[in-house]
Amino acid sequence: MMSRFTRTALFAAASSLAIGSAAGAQVFDQVGGGERRTIDVITVTAQQREESAQDVPISIGAYDSEALAAAGVQDIKDLISIAPGLMVTSTQSETITTARIRGIGTVGDNFGLESSVGVYIDGVFRSRNGVGFGDLGEIERIEVLRGPQGTLFGKNTSAGVLNVITVGPEFEYGGNLEFQFGDYGHQRIAGAITGPIIDDVLAFRLFAADGHRDGFTDLIVEQGGTLQTADSETRDFTTVRGQLLFTPTPSVEARIIVDSTTRSEVCCSAVSWDYTAAAAGLVGAVTPPAAGGGVVFPADPDARVAYSNRLYNQNVDDWGVSGEVDIDLPIGTLTSVTAFRNWTNSRSQDIDYSAADIAFRDAENNYTDLTRFSQEIRLTGQTDNLDWLVGGFFSHEELRLGDAIRYGADWETYLGLIASGGTNPNFVSSTLNGLALGFLGVPALPGYTPLAPGSFFPNGSGVNQDVYDQTATSWALFTHNTYQLTDALSVTAGLRYTNENKDVFATFDTSPTPGCSILEAYANANPATAWNPVAAFAGSPLAGLAPTLCLPYARSGLDANGYDRERSDEELSGTLRLTYDVNDDVMVYAGYSRGFKAGGFNLDRQLNGPTDASGYTNPDSSFAPEVIDAYEIGFKSQLFGNVVQLNGNVFLQQIEDFQLNTFNGLAFVVESVDESESMGLELDAFWATPIPGLDLSAGYAYVNTEYSEVNTGDPLVDAIEGKSYSLSPEHFLTGQALYERPVFDSLLFTAAIDGRWVSEYNTGSDLDPEKVQDGFGLINARLGIGSETDSWSIEVWGRNLTDETYAQVAFDAFAQGRRGGAGTSNDPRATASYMAFLGAPRTWGVTLRTEW
């Protein structure tokens with residue numbers, strides 16, 4: 001548990017920094033100074049009102065179009081290069097992308113879990129982080145709101161918000177065209193045009209982009225005993241966004257947006273991260289000779305070589321329409337935001353990520369269809385001392401998830417080698433034949449005829465089709481108000497009531513698998529009740545093998561009726577903050593906020609824990625809501641005539657029922673962590689230097705996390721108690737330098753460099769020590785030349801210039817050994833082997849751009 005001394009020291013540090021900032025400003029005022037460039041004001045809507053980022057009493061990272069373009073930010077993952085405390089990772093596909101702020105986020109591999117960090121694009125919520133991942137187009141600014149934002153942004157913003165605002169229509173004709181090309185076959189062409197349809201009444205903007213990139217990884221694909229080399233982690237997308245701005249009167253403004261994106265890509269393969277010799281030998285033993293000729297398995301991660309029996313195809317269609325209307329009324333401004341979105345995805349997957357054909361998913365049966373309608377209404381106003389806001393929100397989401405995990409051609413042989421210590425590939429067939437014939441001390445199955453090897457778990461058997469239909473309906477009422485107590489002191493109070501109902505109807509269809517049918521004849525077939533093959537086969541060779549043979553994927557007990565479940569959650573969330581202006585240049589604040597994320601259902605055949613050696617003992621697939629109580633003290637300052645901005649804060653966040661999604665090497669398990677904490681310090685600095693055209697910015701985040709109390713009943717999960725969160729470095733450091741200078745008669749030279757360094761962190765949600773990523777740094781840079789009027793420019797850029805190899809997420813290789821649990825092994829690793837999804841390597845390119 002974090003000590004009281006540590007917490008006190010952090011809060012004292014914030015107070016000292018605020019006092020020091022105020023003193024520095026006063027000294028400069030006394031000395032005086034010459035005319036200097038100042039830092040531009042960035043207007044944000046963090047409190048659903050337009051105001052300077054420096055006036056908002058919460059921790060914000062605000063990045064304008066210049067900073068974003070200089071850092072090459074085109075999607076939310078790119079943003080980590082300049083946003084301290086932000087972590088964005090992808091796993092099985094880029095549709096499974098997770099954002100974390102202050103260490104808090106939700107693993108996205110299970111669509112039954114919603115995000116802790118909300119992604120908003122032009123005021124419209126994206127219901128999962130992966131749904132919000134893609135080319136963002138023309139970005140005006142991005143706001144990173146740290147800490148719970150539940151009062152104004154609603155549920156699923158318990159860790160924070162990524163608020164993306166794109167460029168809108170203009171009443172003057174203009175446009176731009178951009179072409180990028182680079183290594184790995186990178187190409188991206190994008191363009192926009194804007195202008196009036198009716199002067200001062202109706203304007204339009206049309207943006208389109210098309211991109212392609214070859215893969216970062218060489219994928220060795222074994223099919224039919226022959227080898228093929230393919231690219232993995234490719235990118236192919238087309239996106240279109242059309243907008244209308246309608247201002248029929250000075251008091252009415254409406255913005256309509258229609259967008260559509262299609263993606264067809266190969267992603268994501270995993271490289272060998274850390275393999276035991278035994279696991280590598282077993283995989284090699286069932287790999288056809290052709291797949292072993294000249295191929296080293298496992299390969300060094302730095303080689304970026306992966307293995308499979310099929311490509312990792314992912315196809316995404318994402319479209320939506322939204323409208324925001326602002327009407328000025330005598331009492332204030334009425335705002336309506338209406339949105340409808342549909343997102344579909346299908347993907348294939350070699351689940352074992354090896355050249356052995358162990359298990360797989362086909363794209364036809366592995367899909368997601370997510371439809372969401374939302375309506376928000378806000379009324380804001382102002383009196384002499386009070387800024388007030390009231391509003392209501394409604395959303396209805398329909399999710400259809402299809403899944404079908406199937407055994408590959410090598411499953412039966414592979415398990416036979418595991419069970420026999422690598423000596424007998426027919427161990428499974430001989431043992432199951434012996435069991436059914438009554439040779440293993442149990443009664444024979446009447447009329448049983450022995451089967452040939454390879455017949456017990458045929459290629460493609462397992463799940464025909466599982467379908468989860470989930471609906472979620474949510475509504476909320478909220479208010480957010482700031483009262484000016486004195487000229488220098490104000491209080492902000494907000495309250496939100498949220499009510500959510502979820503209903504899931506699941507159907508299961510399992511293909512006949514002779515091996516599992518034999519086992520189910522002796523042990524219960526239904527994983528929702530009792531599955532105890534250890535007891536049924538005690539003393540036989542099947543005692544340890546039976547639970548693995550059928551997994552949850554080939555258990556037929558749920559096929560008869562599936563299940564229909566419903567849950568409702570309601571919660572009061574809110575905020576209370578005090579703000580004090582020390583002088584015109586320094587503001588200090590202190591506040592409390594509560595965030596809420598609704599509970600849900602584990603959309604997986606692996607039912608929720610606790611689990612033990614005898615199987616799946618809890619039929620309840622639901623998990624509890626996640627609630628965060630956050631405390632923050634901070635300051636914001638504009639020093640030396642707004643030549644320097646220095647902002648800082650300390651925070652403490654206490655989380656109840658943190659929703660943890662863990663992959664145990666065979667399936668995903670959802671558990672609720674009783675209590676956990678995140679605390680730390682954040683600093684943001686900006687300096688318009690004395691050198692003409694040179695601006696510097698830097699950020700630092702210290703994030704100390706801990707699972708305080710864990711009582712799931714699963715010994716591997718309970719072992720995380722007292723440890724830090726996964727994917728949460730203790731230290732984040734970012735920096736950016738922007739420089740521009742006129743050269744010759746009418747040209748402008750530009751240069752930019754940004755860097756990010758993070759300390760060591762564990763990438764696995766189970767905190768397996770083998771999944772640790774050492775601290776590392778990334779450096780990006782670009783150089784450009786163009787006209788001073790911005791009519792044309794040429795830039796050369798590079799990302800990850802030092803070519804760092806790092807794991808986004810390391811994970812247990814499917815069915816290739818398992819980590820030892822409490823009481824099962826003196827070595828926590830036991831027989832486990834690991835794969836990893838890597839971050840992007842060094843890339844370079846050239847950008848040509850013209851504007852008019």
ask   = Taking the mean number of other Cβ atoms within 10 Å as a proxy for protection, how do you rank 591-602, 566-577 from highest to lowest?
value = 591-602, 566-577
ask   = Hey, quick one: spin label on D384, modelled 7 Å out along Cα-Cβ, who in the range 485-522 has an amide N within reach, i.e. under 14 Å?
value = 485-487
request  = For S264, tell me the accessible area in Å² from a 1.4 Å probe, rounded to the nearest 10.
outcome  = 70 Å²
Solvent exposure ordering (accessible area, 1.4 Å, most first) of W852, W273, W757 = W852, W757, W273
Protein-only accessible surface order, largest first, of L68, L778, L783 at 1.4 Å = L783, L778, L68
ask   = Between the range 156-232 and the range 37-108, what is the C-alpha centre distance in whole Å?
value = 18 Å
remark   = Shape call for the range 705-852, from the Cα gyration tensor axes a ≥ b ≥ c (a/c under 1.5 means rounded, otherwise prolate when a/b beats b/c, else oblate), comes out prolate
request  = Give me the accessible area of W844, 1.4 Å probe, in Å² rounded to the nearest 10.
outcome  = 130 Å²
inquiry  = Between the range 428-486 and the range 393-420, how far is it from one alpha carbon centroid to the other, in angstrom?
reply    = 8 Å
inquiry  = Over the chain, how many pairs of lysines fall under 17 Å by alpha carbon, counting only those 8 or more apart in sequence or from different chains?
reply    = 4
task = Sort 243-249, 648-654, 375-381 for me by packing, meaning the mean count of neighbouring Cβ atoms within 10 Å per residue, highest on top.
result = 648-654, 375-381, 243-249
query = What does the helix-only formula give at 222 nm for the chain: each DSSP H stretch with n ≥ 4 adding -39500 (n - 2.57), the total divided by the residues, and the result rounded to the nearest 500 deg cm²/dmol?
reply = -3000 deg cm²/dmol
query = For the range 51-196, with only Lys/Arg (+1) and Asp/Glu (-1) charged at the beta-carbon, what is the dipole magnitude about the Cα centre, in debye rounded to 20?
reply = 700 debye
request  = Taking the Cα centre of the chain as origin, work out the dipole magnitude from +1 charges on Lys and Arg Cβ and -1 charges on Asp and Glu Cβ, in debye rounded to 20.
outcome  = 1300 debye
request  = Provide the packing ranking of 696-704, 81-89, i.e. peptides ordered by the mean count of other C-beta atoms within 10 Å per residue, highest first.
outcome  = 81-89, 696-704
Inter-site label distance for Y448 and S430 at 7 Å from Cα along Cβ, in nm = 1.7 nm
message = I'd like the distance separating the alpha-carbon centroids of the range 676-703 and the range 744-767, in whole Å.
response = 13 Å
note = Pseudo-spin-label distance I377 to W319, built 7 Å along Cα→Cβ, given in nm, is 2.9 nm
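The values are calculated or read from the model by the stated rules, or taken from the named source; none is laboratory data. Everything quoted here is computed from the prediction, not taken from an experiment. Glycine gets a Cβ as well: all are built from the backbone with ideal geometry, and neighbour counts include every protein chain shown. For the accessible areas, the whole protein counts, side chains as well, though only heavy atoms, and no ligand, DNA or RNA atoms are used. Shrake-Rupley method; radii C 1.70, N 1.55, O 1.52, S 1.80 Å.
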